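To keep things clear, I will list the structure first and then write my remarks on it.
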Amino acid sequence: MLPCFKHNGLHAIQEHTIWVHALSVGEVLSSVPLVKRLKEDIANKGIVFSVSTKTGYEIACKLFFDKVDTIFFFPYDLYFSVKSVAKKVDPSIVVIIESDIWPNFLFEMKCRGVPVLLVNARLSDRSFRGYKRFAFVAKRVLSLFSKICAQSGQDAERYSIIGVPSETLTITGNIKFDQDNVEFSEAETRELKSSMRIQPDHKILLAGSTHQGEETIILEAFRKLKNHINGLILIIAPRDPERSESVCGIYKSAGYTAVQLKNISSSNPDMECDVVIIDIIGILKKLYSIADLAFIGGSLVTRGGHNPLEPAAFSKPIIFGPDMSNFAEISGMLLEAKAAIQVFDATEFYEAAFTLLEDEKESVQMGKNAYGVFCFNKGAVEKTVDEISRYLAPL
């Protein structure tokens with residue numbers, strides 16, 4: 001993908017630039033507290049930000065327009081593409097968030113004497129198996145990193161098993177814990193609910209970042225919940241907003257009044273919706289603030305799950321499916337703290353959701369537990385910035 005530079009273009013790039021790269025939406029969102037801290041602590045350095053997907057680019061432009069000098073697409077990992085963009089950016093350091101490892105890019109940075117740090121690094125079960133299968137190649141590629149800042153001890157151990165030297169590894173924790181505590185006023189909450197035709201006494205089940213196959217499982221549970229809980233509203237935010245129309249069709253076919261968010265304003269003003277499908281990027285975090293119960297998508301199918309800390313930051317009770325391998329440590333913390341419930345099918349989904357939606361005392365306590373986990377584990381950004389600063393100090 002050819003670079004697509006933002007607003008002032010390449011001439012806005014300062015000397016001693018920090019190049020931060022995030023693969024897609026999840027990594028972009030993870031990078032927010034880190035970019036903010038870099039902007040505050042290393043103000044004399046320029047910051048540029050690259051992504052590899054269109055949706056990641058859109059989110060980055062919304063979040064970082066006033067925080068970085070340039071936002072652009074990461075080059076294809078071809079010799080001439082990498083060399084061309086590297087020459088234009090001329091970074092002093094490259095910080096890659098979590099993943100998106102490209103050999104030609106790393107080799108070019110090595111030749112230019114530019115340190116590259118892999119931060120918030122993790123190795124899922126699937127990635128670890130793949131790396132071990134090609135350990136000789138993986139070791140050579142990973143050796144091109146100046147530092148790998150692992151999320152957890154388990155992640156660091158896995159990199160070590162593959163062959164990453166101990167001096168290259170450090171454990172800094174998960175920067176997702178360092179997202180800001182966002183509070184919304186009662187007026188903002190009322191306005192958000194009103195925009196979706198949700199009444200103050202309605203209860204809201206929010207399914208965030210769902211993948212194909214999960215909506216039918218949720219439908220089965222929702223059908224039972226709707227029969228027992230008056231005024232229950234389901235909000236579904238598909239991970240891919242382009243699926244919103246087909247997801248809407250699933251619930252309409254089941255006899256429910258379902259509408260895509262972009263169509264609510266043009267629909268019958270007297271119509272009350274059973275299901276609202278989110279087809280707009282970047283508002284999921286805000287929606288967690290109004291939920292009574294949050295389900296984490298990508299976990300009832302084999303997609304590794306998504307970030308459960310977003311609802312935890314709003315003190316919301318959480319349920320997720322069996323596959324939370326992308327957030328194994330965090331989901332384990334939440335389960336241990338009785339801040340979440342893991343379900344394996346539609347029946348267990350219904351049972352857990354019914355209990356939490358009906359028992360306010362248990363729901364509130366679980367939400368408090370989730371918030372406790374969120375607050376207790378902060379500090380990864382500070383450790384990560386310290387590592388980055390070590391490579392910038394000689395400049």
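The values are calculated or read from the model by the stated rules, or taken from the named source; none is laboratory data. Note that this is a predicted model, so its numbers are computed, not measured. Glycine gets a Cβ as well: all are built from the backbone with ideal geometry, and neighbour counts include every protein chain shown. Each accessible area value is taken on the protein alone, full model and side chains, heavy atoms only, with ligands, DNA and RNA left out. Shrake-Rupley method; radii C 1.70, N 1.55, O 1.52, S 1.80 Å.
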Practice item. Test Arg223 against the criterion of being among the basic types (Lys, Arg), under 22 Å from the mean Cα position of the chain (by Cα) and more than 30 Å from Ser152 (Cβ to Cβ), and give yes or no. Key: no
Exercise for review: Can you confirm whether the range 366-378 contains a residue that is aliphatic (A, V, I, L, M), part of a loop (DSSP other than H, G, I, E, B) and either touching a Ser or Thr at 6+ places or on another chain (Cβ under 9 Å) or within 28 Å of Asp240 (Cβ to Cβ) (or both)?
Suggested key: no
Review point. Yes or no: Gln179 under 23 Å from His306 (Cβ atoms), open to solvent by 40 Å² or more (accessible area, probe 1.4 Å) and either within 24 Å of the chain's Cα centre (by Cα) or at pLDDT below 95 (or both)?
Key: no
Point to revise | Failed item in (1) in contact with a strand residue (DSSP E or B) (Cβ under 9 Å, 6 or more places away or on another chain); (2) at pLDDT below 90, with Leu23 passing the rest | key: (2)
Check your understanding: Does the range 342-365 contain at least one residue that is farther than 22 Å from His228 by Cα and part of a helix (DSSP H, G or I)?
Key -> yes
Check your understanding: Could we say that Thr210 is within 18 Å of Leu287 (Cβ to Cβ), of a type in the set (Ser, Thr, Tyr), buried (at least 17 other Cβ atoms within 10 Å of the Cβ) and touching a residue at least 24 places away in the same chain (Cβ under 8 Å) here?
Key -> yes
Study note, to complete from the structure: Selection from the range 37-62 of residues assigned to a helix (DSSP H, G or I) and either touching a residue at least 60 places away in the same chain (Cβ under 8 Å) or under 17 Å from Asp100 (Cα atoms) (or both) yields Arg37, Leu38, Asp41, Lys54, Thr55, Gly56, Tyr57, Glu58, Ile59, Ala60, Lys62
Study note, to complete from the structure: Picked from the range 62-88 (must be open to solvent by less than 80 Å² (accessible area, probe 1.4 Å), of a type outside the set (A, V, I, L, M) and within 27 Å of Lys378 (Cβ to Cβ)), the residue nearest to the chain's Cα centre (by Cα) is Phe64
Practice item. Mind listing just one residue for me: the one in the range 182-211 that is part of a helix (DSSP H, G or I) and polar (S, T, N, Q) and, of those, nearest to the chain's Cα centre (by Cα)? Key: Thr189
Study note, to complete from the structure: By residue number, the members of the range 272-295 that are of a type in the set (Gly, Ala, Ser), more than 14 Å from Leu205 (Cβ to Cβ) and modelled with pLDDT of 90 or more are Ser289
Point to revise | the range 333-356 residues that are in contact (Cβ under 8 Å) with a residue 60 or more places away in the chain, paired with ones that are among the hydroxyl-bearing types (Ser, Thr, Tyr) (beta carbon under 6 Å, 6 or more apart) | key: Leu356/Ser363
Check your understanding: Which condition number in (1) open to solvent by less than 30 Å² (accessible area, probe 1.4 Å); (2) modelled with pLDDT of 95 or more; (3) on the phi < 0 side of the Ramachandran plot is the one that Gly298 fails?
Key -> (3)
**Study point:** Looking only at the range 329-378, and only at residues there that are closer than 20 Å to Leu232 by Cα and among the polar types (S, T, N, Q), the one that is least open to solvent (accessible area, probe 1.4 Å)
**Key:** Ser363
Review point. Does the range 79-99 contain any residue that is modelled with pLDDT under 90 and among the basic types (Lys, Arg)?
Key: no
Check your understanding: Which condition breaks for Asp279 when tested against (1) touching a residue at least 60 places away in the same chain (Cβ under 8 Å); (2) open to solvent by 10 Å² or more (accessible area, probe 1.4 Å)?
Key -> (1)
Point to revise | Breaking point among (1) at pLDDT below 95; (2) of a type in the set (Asp, Glu); (3) closer than 29 Å to Met333 by Cβ, for Glu215 | key: (1)
Review point. Is it the case that the range 183-190 has a residue that's of a type in the set (Lys, Arg), under 27 Å from Ile281 (Cα atoms) and surrounded by 19 or more Cβ atoms within 10 Å (Cβ to Cβ)?
Key: no
**Study point:** Residue in the range 33-53 that is surrounded by the fewest Cβ atoms within 10 Å (Cβ to Cβ), counting only those that are under 20 Å from Leu392 (Cα atoms) and of a type in the set (Val, Ile, Thr)
**Key:** Ile42
